[in-house]
Amino acid sequence: MIVGLTGGIGSGKTFVLKMFEALGAAVYISDIEAKKLMISSTQLKREIKTLFGEEAYLDNTLNTAFIGQIVFRDKQKLNALNALVHPKVALHFKKFSKEQEKAPYIVYESAILFEQNKQAHFDTVVLVTAPEELRIQRIVLRDKMNEIDARKRIQNQWSDEKKIPLADCVINNIKKKATQAKVKALHQLFVSKSSDL
């Protein structure tokens, strides 16, 4: 069974993902794997340099600050980058899935799962939400970002209102204990569903 996990910046989806992992799920963080592929794949490196210029890499390392500044202002460049990276991530995930025979189920985490219209690729999709003010507090604290930039990041993403109807399950991540209880219940559900597959 493959579970899609998504949520906007500051919602706490990484926190939820770690809980699923602690309970025994195999986890795949698409953003981290994409960054690894952007460094290890020579073909991808070449294509990214063509798109952004030599500055896209510093000492063989991805210049995320430089690329981030461009894609946040230019939707076309963001779409072009996604068109290069996502097919490679999909292939990598296929390989990863085949190696996870012992895991009860797999959780695939992506911040832009709905934006990419990927929900049909999963057996079920879990959306992590949180009130906007709480999300801003978390972003400011975690990323040492100012409040204005944190709001801009949130506004750049789809709203929870748009995502909720597309999700099979919603975790409103406000209080730690309530979130842990919800994750445990979902874990048991996924384990039982996986054994039926």
Worksheet, complete the sentence: With a 23 Å threshold on alpha-carbon distance, the violating pairs from LYS75/LYS98; LYS95/LYS184; LYS35/LYS98; LYS35/LYS88; LYS102/LYS175 are LYS75/LYS98; LYS95/LYS184; LYS102/LYS175
Worksheet item: Taking square-rooted eigenvalues a ≥ b ≥ c of the alpha carbon gyration tensor, is the range 31-102 rounded, prolate or oblate, where a/c under 1.5 means rounded and, failing that, a/b exceeding b/c means prolate?
Response: prolate
Worksheet item: Quick one: length gained pulling GLU161 to THR50 fully straight, 0.36 nm per residue minus the C-alpha distance?
Response: 36.3 nm
Worksheet, complete the sentence: TM-like helix rule applied to the chain (DSSP H, alpha carbon span at least 20 Å on the long axis, mean Kyte-Doolittle at least -0.5) gives 75-98
Worksheet, complete the sentence: Taking every other residue with Cβ under 11 Å from the Cβ of GLY7 and scoring Lys and Arg +1, Asp and Glu -1, one gets +1
Discussion item. Report, to one decimal in Å, the Kirkwood hydrodynamic radius for the chain based on all distinct Cα pairs.
Written reply: 17.9 Å
Item to complete: Taking the Cα atoms of the range 20-66, report the difference between the largest and smallest coordinate on each principal axis, in whole Å and largest first.
Response: 43, 21, 16
Response to the item:
Quick note, the range 57-145: a/c under 1.5 would make it rounded; otherwise a/b > b/c is prolate and the rest oblate (a ≥ b ≥ c, C-alpha gyration tensor); here it is oblate
Discussion item. Based on DSSP loop calls and a cut-off of at most 16 other Cβ atoms within 10 Å, the longest stretch of the chain free of exposed GluC sites (Glu not before Pro) is what?
Written reply: 1-98
Worksheet item: What is the local net charge at ASN173, summed over the other residues whose Cβ is closer than 9 Å to its Cβ (Lys, Arg +1; Asp, Glu -1)?
Response: +4
Response to the item:
For the pair LYS176 and ASN60, the simple spin-label estimate (label points 7 Å beyond Cα toward Cβ) gives in nm 4.0 nm
Worksheet, complete the sentence: Expressed in nanometres to one decimal, the distance between label points 7 Å along Cα→Cβ at LEU23 and GLU133 is 3.0 nm
Worksheet entry | Inter-label distance for LYS152 and ILE32, nm, one decimal - labels placed 7 Å from Cα along Cα-to-Cβ | 2.8 nm
Worksheet item: In a shell of Cβ-Cβ distance under 13 Å around GLN100, excluding GLN100 itself, what net charge do Lys and Arg (+1) and Asp and Glu (-1) give?
Response: +1
Discussion item. On a straight-distance basis, which aspartates and glutamates could pair with LYS144 in a cross-link, Cα separation under 19 angstrom, same-chain partners fewer than 8 positions away excluded?
Written reply: GLU132, GLU133
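Read-outs: derived from the displayed coordinates by stated rules, not from any lab. Note that the coordinates shown come from a computational prediction; the quantities given were computed from them, not determined experimentally. Here Cβ is always computed from backbone atoms with ideal geometry, including for glycine, and neighbour counts include all displayed protein chains.
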